[in-house]
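> Below you'll find the structure I mean.
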Amino acid sequence: MKYMVRKSVVRVVGKIWMPAVTCAQDITMSDYDVENARNEDGKITRESVERWLGAHAGDFQSIDDFSASIEDGDDTIDITWSTEEGEIAYMDAIREECADEF
């Protein structure tokens, strides 16, 4: 018997509170979070996820960019980075965090 686990994940890069440095974080969304990330029409859009992040990414004082892969029923909604610089900043910050672990 095989099981498939589907996760909704938002990858965020931005400035944290103290010290005010650029950091990256992966946020796993629950089904409840996904429902709250919908817009007025019930759709998941870049703008609706950005609004959700504004209320749920408390570790950040500002969000520079994000990407997401969100499971919506049988569909997967992929939201890409808004800029290539945002994606590079995320990769650099994640690499630094991983290097600190070793």
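> What size of dipole, in debye to the nearest 20, comes out for the chain about its Cα centre when the only charges are +1 on Lys and Arg C-beta atoms and -1 on Asp and Glu C-beta atoms?
The calculated dipole for the chain is roughly 200 debye.
> Would you mind computing, in nm to one decimal, how far apart the modelled labels at SER62 and TYR32 are, each placed 7 Å from Cα along Cα→Cβ?
Distance between the two pseudo-spin positions: 3.2 nm.
> In whole Å, largest first, what are the principal axis extents of the Cα atoms in the chain?
Ordered largest first, the chain gives principal extents of 39, 38, 24 Å.
> Here is a further query. Picking from PHE66, GLY54, VAL34, whose Cα lies most toward the positive end of the charge dipole for region 8-101 (charges on Cβ: Lys, Arg +1; Asp, Glu -1)?
The residue sitting most towards the positive pole is GLY54.
Bear in mind these aren't lab numbers, they're just calculated from the coordinates by the rules spelled out. Everything numeric here is computed off the predicted structure, so don't read it as measured data. Cβ atoms come from the backbone with ideal geometry, glycine included; neighbour counts cover every protein chain shown.
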